[in-house]
Amino acid sequence: MRHKIFFIGMILVLTAVLLFWFLTVRPRAMERRLETALELIRSGDCRQAVPVLRRLLSTSPDTVQGREVRLFLARCLTRLEDYSEASGFWEEVAAGEDRLQKAEAVFYLGWIAERRGERKAARERLELYLQFYPGSPWEGRARLTLAMVKKASGDQVGARSDYRKALEVLPPGDDLLQARKELGELNLSLLLSPVVDEENRTYTVRAGDSLAAIAHTYNTTPALLQKMNGIPGEIIRPGQVLKVPGFRFEAVISKSRNTLTLLYGGSFFKEYSVGTGRDNCSPTGEFVIVTKLINPPWIHGGEVIPPFDSRNILGSRWMGFSDPYADFGVHGTTEPETIGTQSSDGCVRMLNRDVEELFMFLPRGTRVVIEE
């Protein structure tokens, strides 16, 4: 009898110890491990955090802690570019009930698919994300990634639409800069391609027409018409169908960011890095381009310094403003290292290749805004 009582007592003690272990000691130990992993993640050391998190995978995914472990593993493995394993954990997170975590998981499943070159899967995932989780924190990156997928798949018009939507929601940072750069390249490619869409139109040449006259009618330049239509010279023939711009170009210059944003019909077209006046001396306001010169001379200190003279800093193009700001304008430079800084006497400097491209877009009479 005593042995039986002793045996039962031992079982009860062992049960109590096990219960204490599973209900108190083990959870606390796992909480400490999770805290350690989080500290490593906050310090940017995902490589050390992953093995700590792996030791917590025995936690049920039906618990809050179990879901957190899988979410942090998915994030760390994605950062470490272990996309195969990360996808498995993102799938588990996507199957959960937390709406914000589900949105993050669906986004990253699409983002990872794009990284792995799985365009169809990426497009499906990202479009699903944008449909069901509008306004969530990853919307801008989803738009940018979807635009990249569409561009790579040959859907340039669709890509342009998503790049534009990305610009509307992306916060300042590297993703926004990437979106602006890639949209600018795509806008230029589409404008100079044979594709005619809602942003341009066609014109059938009539007897007596000239490129200069057509350019004047459509507020553009003969050089842009030549480029858009692959015309090597100035000869056009009656009946010839030309692609022409549907809107006007304008420019907005930011002194604080040292950028020139080219607008087309009031919308972003392309952005260039520029140099502006030292000590913030570039004038602000609205200006009009009245002079355009190729290989301009530089009038400095009462002397006319000819083009190609080593002292001439104006570069290959000049676009000057109207009075009383006739001394100011947008020009190239022989000092490319100054681009992106405030270093000029007040004019706006550009790399020669950039100012030559801009010269093609902006006819005389173009509006230019300079902002702080």
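The values are calculated or read from the model by the stated rules, or taken from the named source; none is laboratory data. No experiment lies behind these values; they were computed from the predicted model shown. Here Cβ is always computed from backbone atoms with ideal geometry, including for glycine, and neighbour counts include all displayed protein chains. Note: accessible area is taken over every heavy atom of the protein model, side chains too, but ligands, DNA and RNA are not part of it. Shrake-Rupley method; radii C 1.70, N 1.55, O 1.52, S 1.80 Å.
In table form, for the structure just shown:
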| read-out | value |
| --- | --- |
| Reference-scaled alpha-carbon Rg (2.2 N^0.38 Å with N residues) for the range 261-318 | 1.42 |
| Square roots of 5 times each gyration tensor eigenvalue, C-alpha, the range 138-212, largest first, Å | 32, 12, 9 |
| Rounded FRET efficiency, nearest 0.05, which uses the C-beta distance separating residue 83 from residue 42 and R0 of 22 Å | 0.45 |
| Debye log10 I(q)/I(0) at q = 0.20 Å⁻¹ for the range 258-372, Cα point scatterers | -1.13 |
| Placed amide H near residue 270: partners under 5 Å, 5+ positions off or other chain | 262 |
| For the range 126-143, Karplus couplings with θ = phi - 60° (6.51, -1.76, 1.60), whole Hz, Gly/Pro x | 5, 5, 5, 4, 5, 6, 9, 10, x, x, 7, x, 9, 4, x, 5, 5, 4 |
| The chain - mean residue ellipticity at 222 nm from DSSP helices (-39,500 (n - 2.57) per run, n ≥ 4, rounded to 500) | -15000 deg cm²/dmol |
| Gyration tensor over alpha-carbon atoms, the range 184-239, equivalent ellipsoid semi-axes in Å | 20, 12, 11 |
| Where the Cα pairs of the chain fall when distances are cut into 20 Å bins, in % | 22, 38, 25, 10, 4, 1, 0 |
| Cα-based Rg of the range 188-310 normalised by 2.2 N^0.38 Å, two decimals | 1.32 |
| Total formal charge among the other residues, if their Cβ is under 14 angstrom from that of residue 161, Lys/Arg +1 and Asp/Glu -1 | -1 |
| Translational diffusion coefficient (Stokes-Einstein; Kirkwood radius from C-alpha pairs) of the range 292-331 at 20 °C, 1.002 mPa s, in µm²/s | 207 µm²/s |
| Under the Debye formula (equal points on every Cα, no solvent term), log10 I(q)/I(0) of the range 46-122 at q = 0.19, 0.27, 0.28 Å⁻¹ | -0.74, -1.27, -1.32 |
| Three semi-axes of the equivalent ellipsoid, the range 127-268, Cα gyration tensor, whole Å, largest first | 34, 18, 11 |
| Sum of side-chain charges, residue 198 neighbourhood, beta-carbon under 15 Å (Lys, Arg +1; Asp, Glu -1) | +2 |
| 5 angstrom amide H check on residue 242, placed H, neighbours 5+ away | 203, 204, 205 |
| Per-residue SASA entry for residue 204, accessible area with 1.4 Å probe, Å² rounded to 10 | 70 Å² |
| Surface accessible to a 1.4 Å probe, residue 372 within the full protein complex, Å² | 110 Å² |
| Phi to ³J(HN,Hα) by Karplus 6.51 cos²θ - 1.76 cosθ + 1.60 over the range 93-100, Hz, x for Gly, Pro | 5, 5, 7, x, 10, 6, 5, 5 |
| Where 90, 298 fall by accessible area, highest first, once all protein chains stay in place (1.4 Å) | 298, 90 |
| Pairs from 181/270; 150/181; 151/227; 227/270; 151/181 whose Cα-Cα separation, in the structure shown, is over 19 Å | 151/227 |
| The range 276-363 - percent of accessible surface contributed by carbon and sulfur, probe 1.4 Å | 53 percent |
| Geometric extent, Cα atoms of the range 88-148 - Rg, Dmax (angstrom) | 10.4, 30 |
| Solvent exposure of the range 188-299 as accessible area per residue, Å², 1.4 Å probe | 48 Å² |
| Solution diffusion estimate, µm²/s, Stokes-Einstein, the range 29-184, Kirkwood Rh from C-alpha pairs, 4 °C, viscosity 1.567 mPa s | 79 µm²/s |
| With DNA, RNA and ligands ignored, accessible area of residue 325 (1.4 Å probe; Å², nearest 10) | 80 Å² |
| Per-residue HN-Hα couplings for the range 204-214 [Karplus 6.51, -1.76, 1.60; θ = phi - 60°; Hz; x = Gly/Pro] | 8, 5, 10, 4, x, 5, 9, 4, 5, 5, 5 |
